[in-house]
Amino acid sequence: MSPGKRLPPGSAQAQPTPNPKDPKDVLKSVAPKSSLARIPSPARFFLVFFGSLVLSSVLLNLSAGFTQGDLGLVSKHLEEWWEVGGLIAWKGVEIALAWLLGFDMIPFALLRRPTSVHDLSHAPSGTVANRAILQDRPTTIYTTLAATSIFSVIMYASYASWLPAKLVVHFEDIKDISAAHAGPAGLPILFLTLLPAGIAARDFLFVSSTGHKKETPREADQSASREGEYLVTAVYRKTWGQLSTKSKILLSRTILLATGVLVNTIVQVAGTIRSVSIEGAATWGLVWAVATGAVGATFGWIEAVDGL
């Protein structure tokens, strides 16, 4: 273009100038250019989907030596195409939902930049709140142990009360329920078994909500009263609208996780284990859903502390 030629008036507004005070613009400006950005989003999704299937297959084969005696005799042999296709389709729904919601952990970590809360060393100032808390090792240990303890206590209380009767009635080919009668001696083993669940719940719920950047005054005024609003709008404003953005993230993720665990348990148990009723699979999934809700409520109580 010659030096004397001027651009049309509208072309100067095609690319807005980044705002140095906006954390999102700052993050985009300092983010390293990655070759992943050159791969179209649909292609990355299919790579994640097939990668997840491969990862599941590898982990299933690696664990076969430990679970063969327990699951080998009761596992379904899927021979019809619709049975295999149904499980694969459900896997695709899980992956698609997680992809659309912007989740970034395994297997997404290979094909998507981590969010600020999972990349604290590169996150600019202002994009992550409570950075010191998220990086504090004792807090990490305490919140992880709290989540694991809740899972363990609810599971132990279920074993000690109503769950054995449900297992016997709705899992017809079950051979052994000794874990339900292990008593207090089985609690340490149960705790260690559920430790990965506590780690995952802490990362998915506590880290994502606690690390959310602080609200701007405009966001904080969303619950203000308005004249002439509809009743449903007023109810929404006085309930969901009263919550902080951090609380909304925690609540929505807790509901999503509890629902996902429940539905996934029904599909996986009823689809892969012989002689299991839908009611039995739903009962087993409900135990995990309730425990997930209790973990989310505990994290909400922790985040209600002043200054957090």
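Considering only the other residues whose Cβ falls under 12 Å of the Cβ of Asp203, what net charge follows from Lys and Arg at +1 and Asp and Glu at -1? Mind showing how you got there, number by number?
Values: positive: Arg202, Arg253; negative: Asp104.
Local charge sum for Asp203: +1.
For Phe50, Phe171, what ranking results if the residue with the fewest other Cβ atoms within 10 Å of its Cβ goes first?
Details: Phe50 12, Phe171 21.
Neighbour counts put them in this order, fewest first: Phe50, Phe171.
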Grab the beta carbon distance between Val93 and Ser275, set R0 = 22 Å, and tell me the FRET efficiency rounded to 0.05.
0.25
Arranged by the count of other C-beta atoms within 10 angstrom, fewest first, what order do Asp173, Asp104, Asp136 take?
Asp173, Asp136, Asp104
Rg over Rh [alpha-carbon atoms, Kirkwood Rh] for the stretch 230-306
1.16
Rounded to one decimal in nm, the spacing of the 7 Å Cα→Cβ label points at Ile177 and Arg137 is 4.4 nm
Pairwise label distance in nanometres, Thr193 with Leu231, each label 7 Å out on the Cα-Cβ vector:
5.0 nm
Restricting things to Cα coordinates, could you compute the convex hull volume per residue of the stretch 123-308 in Å³?
157 Å³
Rounding to the nearest 20 debye, state how big the charge dipole of the stretch 123-308 is about its Cα centre with +1 on each Lys and Arg Cβ and -1 on each Asp and Glu Cβ.
300 debye
Would you count, across the stretch 123-308, every pair of lysines whose alpha carbons are under 19 angstrom apart, provided the pair is eight or more residues apart or spans two chains?
7
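Where a number appears in this text, it was derived from the coordinates with a stated rule and is not lab data. What you are looking at is a predicted structure, and each value in this text was computed from that prediction instead of being measured. For neighbour counting, all protein chains shown are included, and Cβ atoms are generated from backbone atoms with ideal geometry for every residue, glycine included.
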